[in-house]
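Here the structure comes first, spelled out in structure tokens, and everything after it is commentary.
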Amino acid sequence: MWFKNLRLYRLTGPFTLSAQALDQQLASRAFAPCARTATFSYGWESPFGSTNPLQVHAVNGCLLICARRDEKIMPAGVLRHMVRNKVAALEQSQQRKVHKREREAIRDEVIQDVLPRALLRSSLTHAYLWPSQGWLIIDTASTKAAEALIGLLRATLGSFVVEPLSVQHTPAAVMTQWLMQRAMPAGLVAEDECVLQDPFQDGGTVRCRGLDLAGAEVRAHLEAGKLVTRLALCWNESLSLVLEQDLAIKRLHFADLLRSRSEDIGHEDAAAQLDADFAIMTLELSRVLTALVQMFGGVASASQPAVQAA
């Protein structure tokens, strides 16, 4: 259980449910297979897999949850072809033009006919709540997928208030300063990838990969006024990541040394392995997120609890 992308949210209200109480709530909206005439199904699934009844896995105050979405695949090109054929057949048999509203009705009929036979695409979105530290951390690169999980939480719990992580100092300005001054915060190393963007010019974007970010080429762009909107970083040799200007974290990779700590414990089953992986991962993420928030001046909203060091 190693997250690969992070969307970071802060709890803006108290979260007092225990792991057991949250488990019972999520069970009320457990994932159910997609109905024959439905386009998708979305609900909670156990982090341990569909055969496990537990909806929540708790370790060190962190509550791991998982949302599952099954969506029926109907390729747009195939759908258009079927609609065209049905419209053409109707126009030929009745010797008249099929107008827009009737064409839309035909499209709906085709969809309802195809749905029971459509292939399914399944996706899982993991997340964990850390109430004592005020975090909701979602393993996805997609804002849409993160918002869907939050919406499902609200629908399940009745009320759930969070907002995207906001910090005191503009991330793009801070990352730009790091490269301009060639002075990274303690424990942080800039790797060989970044995106530079002109804040005043549409399309003024430079993507750098495999370059020395302290070199003259990158510095020339920075001196011309471009800002760093994405930066590849290494944290204390324990993990690497790509940090976006909206504080999304992508391509998160935990070092082999961390992973081996979990493997060295020795586990008899997948559930025990997930437990060990999750415990080690959340501990390291606690450290790196605490440090990152401090580097950007702290949490911006006074209504949010302060981030505590692990």
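The values are calculated or read from the model by the stated rules, or taken from the named source; none is laboratory data. Since the structure is predicted, the reported quantities are computational estimates derived from the model, not experimental observations. Backbone-built Cβ (ideal geometry, glycine too); neighbour counts: all protein chains shown. Keep in mind that these areas ignore ligands, DNA and RNA; they rest on the heavy atoms of the full protein, side chains included. Shrake-Rupley method; radii C 1.70, N 1.55, O 1.52, S 1.80 Å.
Below is a table of values for the structure above.
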item	result
Subset of segment 27-43 (residues that are open to solvent by 60 Å² or more (accessible area, probe 1.4 Å) and over 15 Å from Leu149 (Cβ atoms))	Ser28, Pro33, Arg36, Thr37, Thr39
Residue tally, condition closer than 30 Å to Asp256 by Cα and not in a loop (DSSP other than H, G, I, E, B), over segment 1-55	5
Pairs where the first residue, in segment 197-221, is within 17 Å of Gln245 (Cβ to Cβ) and the second is part of a helix (DSSP H, G or I) and at pLDDT 90 or above, C-beta under 7 Å, 6+ apart	Val206/His221; Cys208/Val218; Leu213/Leu179; Val218/Leu179
Strands (runs of 3 or more DSSP E) contained entirely in segment 127-243, each with at least 1 residues that are of a type in the set (S, T, N, Q) and open to solvent by less than 50 Å² (accessible area, probe 1.4 Å)	227-235
Scope segment 64-80; condition in a helix (DSSP H, G or I) and among the charged types (D, E, K, R); matching residues	Arg80
Filtered residues of segment 44-62 (kept if of a type in the set (A, V, I, L, M, F, W, C) and surrounded by fewer than 19 Cβ atoms within 10 Å (Cβ to Cβ))	Leu54, Ala58
Enumeration of residues in segment 236-248 that are touching a Leu at 6+ places or on another chain (Cβ under 6 Å) and closer than 15 Å to Met281 by Cβ	Ser238, Leu241
Members of segment 90-117 that are open to solvent by 100 Å² or more (accessible area, probe 1.4 Å) and touching an Asp or Glu at 6+ places or on another chain (Cβ under 7 Å)	Lys97
Extreme residue, farthest from Ser166 (Cα to Cα), among residues of segment 1-14 that are crowded, with 19+ Cβ neighbours inside 10 Å and touching a Gly at 6+ places or on another chain (Cβ under 9 Å)	Leu11
Test: residue in segment 67-82 that is closer than 30 Å to Thr16 by Cβ and open to solvent by less than 20 Å² (accessible area, probe 1.4 Å)	yes
